Amino acid sequence: MKKPIVLGNWKANKTLEEAQRWIEVYKQVANIVTKTTVVLCPGFIHLSLFNAAKLGIDLGVQDISQFSSGAYTGETCAGMIKDLARYALIGHSERRINLGETDRIVVDKVKQALENTITPVVCVSELTQAEFLVREVPGFSETGIWLYEPLDAISTGPVGKPQDPKLANEFASCLKVIAEDAQIIYGGSVSADNVSMYLSESGLSGIGVGGASLDPHQFASLVLAAEKY
Ligand code: PGA
């Protein structure tokens, strides 16, 4: 496997002060991480704090606008972000469900990210979502990352149970049929207890974590687990 990816998604959590405390704790492990690509997607408001902290973590945002710039009140466009973050999560199921984000909007956001040299990390729970993206952006897998997150697996969802790693690997194999070079990471209730099982699956290039990324000790333990692969 290439360098495994551990991607944390803070969702709508943490004040600046809480973020600063997280940074202080994470600093203790930061300098021993060499073999893992660590990407953290905190809130927009936290990006400058993280950039100043120099933790050796790549930064991502949890969303970007589908528009390039202009009269779109409240939007944060890729061009505004590109100096602050290298990755953008796009199409998380919480946005698809709560904010009506469609496959078309996801495609527009991916194009914005790519035009601004931001690596898109597209969340999918079904193959049809991936098929649409591959049709519209055929070269997606050359730079983009797929984050496979089955809806039932997300810890804060109604079911909240991690998916069997073998099933996640099967999904990855199917995805590779339509997107040959796909780099696929799995997300959904990943914890210190199950992380090795996902990292051991040949079709998976890493993990995405929501809840466990909020605690710097837990996040660090997942990163240290990934260092062994
Ligand atoms: P979880 O969240 O790790 O808390 O299940 C994953 C996600 O929604 O990205």
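Taken over the range 151-188, residues that are within 16 Å of the ligand (Cβ to nearest atom), without any contact (Cβ under 8 Å) to a residue 40 or more places away in the chain and open to solvent by 30 Å² or more (accessible area, probe 1.4 Å) amount to 8. Quick check, is LYS228 open to solvent by 20 Å² or more (accessible area, probe 1.4 Å), closer than 26 Å to TRP22 by Cβ and of a type in the set (Lys, Arg)? Taking the combined requirement at face value, the residue satisfies it. Kindly check whether there is at least one residue in the range 32-44 that is open to solvent by 80 Å² or more (accessible area, probe 1.4 Å), touching a residue at least 60 places away in the same chain (Cβ under 8 Å) and not β-branched (Val, Ile, Thr). Within the range 32-44, one or more residues are open to solvent by 80 Å² or more (accessible area, probe 1.4 Å), touching a residue at least 60 places away in the same chain (Cβ under 8 Å) and not β-branched (Val, Ile, Thr). Tell me, please, whether a residue that is hydroxyl-bearing (Ser, Thr, Tyr), open to solvent by less than 70 Å² (accessible area, probe 1.4 Å) and modelled with pLDDT of 95 or more can be found in the range 112-120. Checking the range 112-120: at least one residue is hydroxyl-bearing (Ser, Thr, Tyr), open to solvent by less than 70 Å² (accessible area, probe 1.4 Å) and modelled with pLDDT of 95 or more. Of all the residues in the range 42-98, those that are within 15 Å of GLN112 (Cα to Cα) and either away from the ligand (no atom under 16 Å from the Cβ) or not hydroxyl-bearing (Ser, Thr, Tyr) (or both) number 27.
Per the conditions (1) in contact with a strand residue (DSSP E or B) (Cβ under 8 Å, 6 or more places away or on another chain); (2) surrounded by fewer than 17 Cβ atoms within 10 Å (Cβ to Cβ), the sole criterion not satisfied by PHE67 is (1).
From the set of residues in the range 50-60 that are touching a residue at least 12 places away in the same chain (Cβ under 8 Å) and surrounded by fewer than 17 Cβ atoms within 10 Å (Cβ to Cβ), which is farthest from LEU199 (Cα to Cα)? Among those residues, the one meeting the criterion is ASN51. Name the single residue that is most open to solvent (accessible area, probe 1.4 Å) among those in the range 3-31 being among the hydrophobic types (A, V, I, L, M, F, W, C) and in a helix (DSSP H, G or I). Among those that are among the hydrophobic types (A, V, I, L, M, F, W, C) and in a helix (DSSP H, G or I), it is LEU16.
The values are calculated or read from the model by the stated rules, or taken from the named source; none is laboratory data. Here the structure is a predicted model, which means the values were calculated and not measured. As a convention, Cβ positions derive from the backbone with ideal geometry for all residues, glycine included, and neighbour counts pool all protein chains shown. The protein model used for the area step is the full one, side chains on, heavy atoms only, and it has no ligands, DNA or RNA in it. Shrake-Rupley method; radii C 1.70, N 1.55, O 1.52, S 1.80 Å.
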